[in-house]
Amino acid sequence: MDQIAIVGGVPLVGEIPISGAKNSAIKLMTASLLTDEPLRLTNMPRLADTRFLGKLLRRLGAELTESTGPNGPQTLLHTPEIVSAFAPYDLVRQMRASFNVLGPLLARTGHAKVSLPGGCAIGARPVDLHLKALEALGAHIDLNEGYVYAQAPRGLRGATIAFPFVSVGATEHAMLAAVLAQGETVLLNAAREPEMVDLADCLNAMGAKVEGAGTSTIRIVGVSRLHGAVHSVTPDRIETGTYALAAAMAGGEVRLTQTRADLVESLLLKMEAAGVEVGRGVDSVTIRRDGGRLRAVDVETDPFPGFATDLQAQFMALMTTADGVSVVRETIFENRFMHVPELARLGADITVSGGEARIRGVEHLQGAPVMATDLRASVGLVIAALAARGETVVNRVYHLDRGFERLEEKLSACGARVRRLTGTEGGGD
Ligand code: UD1
């Protein structure tokens, strides 16, 4: 297994191009199952997660062709026919979002058998809201031996679905199924993340009728069929925020290109409160920090437009050397502080109580071997390492590879001393 070694203390100076959003791309890929015509996705990130999903989609009957177009990496997805509506455990467990093939399979063929998901180890993460939404659309659902058996032999029917709390995955899943349902569907208390807007834009380009994505009420008028389309994946807001925090931690000046400030505004405001300089361009964000300690700032994670839970570990890393005590409250996932003991190995002073972490800023961190535990937590360790004295070696970087494209290349282009040690880690699981 690979490791990443970082020697801290070097300011970052330069430009980092932001890739297409992982979390959007994987839902857009599942949307391709809704039509027998080709869907071309441009600005595609090339990641372990998109590869896993590609494997599953091929099993279901999709042909995938990757190439480089005028606007960078693109993938053509074409499923002339669903050859199997069965998503087996060994493919779904590798990535939770694969579960979202259930809705499109059901909408297109009237039946599906999909394994219950695995994914990051950040709490229980049930799929009850997904299943309730599909039931509301007229599907008959049975759970047996770890599988969901879903049937809608006469097709899905539009319905009003009021989510008891905001779920990104369930909102997307309901949208993916309702576009081919008969009649109107209204989603209340829908997620407002930019990925909703991206998915709705893509579905609409395919002939769907989706309105209100990006607000808490989404209206969908079902159509009898969808057609092919070309769609550009929205910029990755989590990658944007991560590199913004990396630049703030290391110091220097970094311009993040091919992205937008409005995708990460709640983070940028917190960074400014901490003393980081932020420049908002049309399709770029510039982060600048000269010497001097940052101020401690509190954050609480919330659904969009609130502070993203996927940036919590990275923000906590920044706070480890801030002046004062900051409180980070996690409200979305119950087990999302697994990076805390690893940050402590670098010298951070953090106490966790329930869903709250108190970070007492220290003067400096000291490099050490650490272990990545999940996707976002692991990049939090990389951020901390950028400012730590000496060398930090991050183990289990397969977590990073799931969601960050060419991380070490993007950071070293700005002067960071980062290198990948290939196949060096012993043991593990
Ligand atoms: C998505 C993102 C993930 C991000 C999260 C919150 C993808 C691939 N992943 O995950 O990176 O951290 O949004 O922004 O897009 N819940 C239930 N029942 C359900 C569904 C969710 O109880 O049926 C709970 C979850 O356990 C969690 C909360 O609802 O506590 C929010 O989860 P949700 O918004 O659904 O996150 P994901 O779609 O899994």
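The numbers here are math on the coordinates, done by the rules we state, and not lab data. Model, not experiment: these values are computed from the prediction. Positions of Cβ are backbone-derived with ideal geometry, glycine not excepted, and every protein chain shown enters the neighbour counts.
Each residue, TYR89 and GLU37, gets one label point 7 Å from its Cα in the Cβ direction; the gap between the two is 4.0 nm.
Computed 3J(HN,Hα) for segment 129-138, one whole-Hz value per residue from the Karplus formula 6.51 cos²θ - 1.76 cosθ + 1.60 where θ = phi - 60°, is 5, 4, 5, 5, 5, 5, 5, 4, 7, x, glycine and proline marked x. What the Kirkwood sum gives for segment 164-322 is a hydrodynamic radius of 17.1 Å, with every pair of different alpha carbons counted. This model, with +1 at the C-beta of Lys and Arg and -1 at the C-beta of Asp and Glu, gives segment 92-180 a dipole about its Cα centre of some 140 debye. Close amide H partners of LEU256, meaning residues 5 or more places away or on another chain with modelled amide H under 5 Å apart, are ILE16, VAL285, THR286, ILE287. A Förster distance of 22 Å, applied to the separation of the beta-carbon atoms of ASP262 and GLU409, puts the FRET efficiency at 0.25. Each Lys and Arg Cβ is given +1 and each Asp and Glu Cβ -1; about its Cα centre, the chain then shows a dipole of about 320 debye.
Helix content alone sets the calculated 222 nm mean residue ellipticity of the chain: runs of n ≥ 4 DSSP H residues at -39500 (n - 2.57) each, divided across all residues, give -8500 deg cm²/dmol. Computed over the alpha-carbon pairs of segment 1-149, the distance histogram in 5 Å steps reads 2, 9, 17, 19, 17, 14, 9, 6, 4, 2, 1, 0 percent, short to long.
Counting only Cβ charges, +1 for Lys and Arg and -1 for Asp and Glu, the dipole size of segment 33-89 around its Cα centre is about 260 debye. Put simply, segment 302-410 fits an ellipsoid with semi-axes of 20, 18, 12 Å; these come from the alpha carbon gyration tensor as the roots of five times its eigenvalues, largest first. Legend: calculated FRET efficiency, VAL362 to LEU421, from the Cβ-Cβ distance at R0 = 35 Å, rounded to 0.05, equals 0.80. Relative intensity of segment 128-224 on a log10 scale, I(q)/I(0) at q = 0.10, 0.25 Å⁻¹, equals -0.23, -1.30, per a Debye sum over C-alpha point scatterers of equal strength in the absence of solvent. In sequence order, segment 358-365 has phi-based couplings of 10, 10, 9, x, 10, 5, 7, 9 Hz under the Karplus curve 6.51 cos²θ - 1.76 cosθ + 1.60, θ = phi - 60°, and Gly or Pro positions carry x. Placing unit charges on each Cβ (+1 for Lys and Arg, -1 for Asp and Glu) gives the chain a dipole about its Cα centre, and among THR68, LEU134, ALA97 the Cα reaching farthest toward its positive end belongs to THR68. Projected label points at THR351 and GLU135, each 7 Å from Cα along the beta carbon direction, are separated by 4.4 nanometres.
Using the Cα coordinates of the chain, the gyration tensor eigenvalues translate into equivalent-ellipsoid semi-axes of 38, 21, 21 Å, sorted from longest to shortest. Taking each residue as 0.36 nm, the span from VAL223 to ARG389 lengthens on full extension beyond its C-alpha to C-alpha distance by 53.9 nm. Using a cut-off of 30 Å between Cα atoms, the listed pairs LYS113/LYS410; LYS55/LYS270; LYS27/LYS410; LYS22/LYS209 include LYS113/LYS410; LYS55/LYS270 as exceeding that distance. For segment 55-127, the share of alpha carbon pairs falling in successive 5 Å distance bins from zero is 3, 15, 22, 20, 17, 12, 8, 2, 0 percent. Distance from the C-alpha centroid of segment 1-75 to that of segment 359-377: 28 Å, rounded to the whole angstrom. Modelled spin labels at ALA205 and VAL325, positioned 7 Å past Cα toward Cβ, are 5.0 nm from each other. Subtracting the Cα-Cα distance of GLN151 and ASN71 from their residue separation scaled by 0.36 nm leaves 24.8 nm. Tell me the relative contact order for segment 242-325 as a rounded percent, counting alpha carbon contacts under 8 Å between residues six or more apart. Averaging sequence separation for qualifying contacts and normalising by length gives 31 percent for segment 242-325. Distances between placed amide hydrogens fall under 5 Å for GLU300 paired with ARG329, all partners being 5 or more residues away or on another chain. Here the Karplus relation 6.51 cos²θ - 1.76 cosθ + 1.60, evaluated at θ = phi - 60°, turns the backbone of segment 88-94 into coupling constants of x, 3, 4, 8, 6, 5, 5 Hz, with x for every Gly and Pro. Under 5 Å between amide hydrogens, built in the peptide plane, is the criterion, and for LEU294 it picks out ASP323 among residues at least 5 positions away or on other chains. Note on ASP283 and ASN144: with the Förster distance fixed at 60 Å, the Cβ-Cβ geometry gives a FRET efficiency of about 0.80.
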